[in-house]
Amino acid sequence: MKLKLQLIIESDSGETEVVKEVVKLQRHSLRAENLGLMLSEVKDLLHEVQKAMVTHQSTQYVTQQTSCPECGRIRSHKGKHQIVLRTLFGKLRLDSPRLYHCGCCSNEEHRSFSPLAELLTERTAPELAYLENKFSAMISYGLTAKLLAEMLPIGGEINVASVYRNLQRVAERMEAELGEEKWQFIVDRNSRTEIPKQSPYVLFMED
Ligand SMILES: [Zn+2]
């Protein structure tokens, strides 16, 4: 038996924009271990779908940014580079062109910008950061990296250092949101500051 999985991307108006074969599977005589999908096949499938989908979305976004929103003129290009995005379903390299601001509508005519790089300020996708942080709050960084690499198509792209860095970034952001630390909330009997509800705690664990 041969099984081919195709990804079809349609525009909002229903026009087919992309047809891509993402995975080709083959089975011969049935055995318990080849019944249905294997984990390795699912990882390949997820990675290929993710790559095609994210590439399409980012290309579409960059195309929309090419024309000036004020006058509609095409902005000049100033080369391009690639940005690396770590997602739940694999590490991706995305083309990120630099564009010049419009000469008619902007005071920053000679300055350039990268629309995609400005949109994706975090290079770890929120869902991957969420899972890394969730597991590393319960088990060690090393086990978190091993567990996610076992289940998701992120193989060697996830490691202890990246799990630690991301958790630290989230902890610092939460710490900043708490505001200035107060050593007491009741100054005197006539002036009482409301005692805040319990703040969330972030626990760091070392291997
Ligand atoms: Zn313009």
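The values are calculated or read from the model by the stated rules, or taken from the named source; none is laboratory data. On a predicted model such as this, the values are computed, not experimentally measured, just so you know. Cβ atoms come from the backbone with ideal geometry, glycine included; neighbour counts cover every protein chain shown.
Annotations for the structure displayed:
- Some residue of the stretch 39-55 being part of a loop (DSSP other than H, G, I, E, B), aliphatic (A, V, I, L, M) and under 24 Å from G156 (Cβ atoms): no
- When the stretch 70-85 is filtered for residues that are within 16 Å of the ligand (Cβ to nearest atom), surrounded by 12 or more Cβ atoms within 10 Å (Cβ to Cβ) and touching a residue at least 24 places away in the same chain (Cβ under 8 Å), the ones remaining, listed by number, are R73, R75, S76.
- Within the stretch 105-130, the set of residues being away from the ligand (no atom under 16 Å from the Cβ) and over 12 Å from the mean Cα position of the chain (by Cα) comprises S114, L116, A117, E118.
- Residue check, L85 under 16 Å from S114 (Cβ atoms) and not small (G, A, S): yes
- Any hit, the stretch 163-179, residues being touching a Gly at 6+ places or on another chain (Cβ under 9 Å), modelled with pLDDT of 70 or more and not in a strand (DSSP E or B): yes
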